[in-house]
Ligand SMILES: Nc1ncnc2c1ncn2[C@@H]1O[C@H](COP(=O)(O)OP(=O)(O)O)[C@@H](O)[C@H]1O
Ligand SMILES: [Mg+2]
């Protein structure tokens, strides 16, 4: 992704480096925001990057899960837009990556999270309701881009896909019409993701039991970060 200098956070425009903020957002629950946020955080950590998680969901599922999976990763919770701004800026000073996990609504807090993101990832699962929720989220993303006169960049990421499932195929076919870049990598619906959540770990640390799921997330995350111009992603 070729990031125009105007897309970069204020810190980088004046030469200082601030951590890259990657937010998982969607106005729908159950699409895998928390699952993917936790997995991305641990994947980056295991590659030696400094990473923190900002949990902006009152259910706190991702921060509790991440604390179990890898207590060395800093987590913060934010439940108001004001907390969110303060927490993101502080975490960005000390970490190369800040992963934001939003709640299933694009209210003031969800919008603030998007406004502060360098990259917004919208997970989509095979349900026609998902296409509607992504249309809504895309509208909020455009609003954030307009206010920022640039970023965040947006990416759609298909999650919980089933190869022989008609809805999976229909949702894939609907993606180009949503006006956002779609990741080529897709994440399959695999039991290992549910087991990982139950066991307080991540599929990339589950050995053979998690190998298919691990291959999917690694491919997707590598694609999300591969062509980013953000200093933290290189
Ligand atoms: N690729 C996947 N395969 C199987 N189950 C998944 C996958 N991604 C997420 N899940 C499961 O779907 C449910 C919702 O995921 P979650 O990450 O909590 O969504 P959100 O944060 O968007 O509400 C959880 O039970 C989770 O284990
Ligand atoms: Mg969640």
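Residue-wise test of (1) assigned to a helix (DSSP H, G or I); (2) touching a residue at least 60 places away in the same chain (Cβ under 8 Å); (3) touching a helix residue (DSSP H, G or I) at 6+ places or on another chain (Cβ under 8 Å).
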site: 143; (1), (2), (3): yes, no, yes
site: 184; (1), (2), (3): no, no, yes
site: 193; (1), (2), (3): yes, yes, yes
site: 201; (1), (2), (3): no, yes, yes
site: 212; (1), (2), (3): yes, no, yes
site: 215; (1), (2), (3): yes, no, no
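Every condition in (1) within 13 Å of ligand 1 (Cβ to nearest atom); (2) buried (at least 20 other Cβ atoms within 10 Å of the Cβ); (3) free of Cβ contacts under 8 Å to residues at least 60 places away in the same chain holds for residue 127 except the one numbered (2). Exactly one residue out of 62, 105, 50, 133 is within 16 Å of ligand 2 (Cβ to nearest atom), modelled with pLDDT of 95 or more and under 28 Å from residue 216 (Cα atoms): that is 62.
Going by what's in this entry, would residue 42 be described as within 16 Å of ligand 1 (Cβ to nearest atom), assigned to a helix (DSSP H, G or I) and surrounded by fewer than 22 Cβ atoms within 10 Å (Cβ to Cβ)? Criteria not met by residue 42. Scanning segment 75-97 turns up one or more residues that are crowded, with 24+ Cβ neighbours inside 10 Å and within 14 Å of the chain's Cα centre (by Cα). Taking segment 62-73 as the range and being without any contact (Cβ under 8 Å) to a residue 60 or more places away in the chain and either surrounded by fewer than 19 Cβ atoms within 10 Å (Cβ to Cβ) or within 16 Å of ligand 1 (Cβ to nearest atom) (or both) as the test, the residues that pass are 62, 63, 64, 66, 67, 71, 72. Looking at segment 30-46, which of the residues that are out of contact with any strand residue (DSSP E or B) (no Cβ under 8 Å at 6 or more places or on another chain) and closer than 13 Å to residue 205 by Cβ is nearest to ligand 2 (Cβ to nearest atom)? My answer is 39. When 157, 178 are checked against the criterion of being touching a strand residue (DSSP E or B) at 6+ places or on another chain (Cβ under 7 Å), under 30 Å from residue 144 (Cβ atoms) and without any contact (Cβ under 8 Å) to a residue 60 or more places away in the chain, a single residue qualifies: 178. So residue 167 clears everything in (1) in contact with a helix residue (DSSP H, G or I) (Cβ under 8 Å, 6 or more places away or on another chain); (2) under 29 Å from residue 132 (Cα atoms); (3) at pLDDT 95 or above except one condition, right? Which one? It fails just one condition, (3).
The values are calculated or read from the model by the stated rules, or taken from the named source; none is laboratory data. Since the model is a prediction, treat every value here as computed from it, not as a measurement. Neighbour counts run over all protein chains shown; Cβ positions are idealised from the backbone, glycine included.
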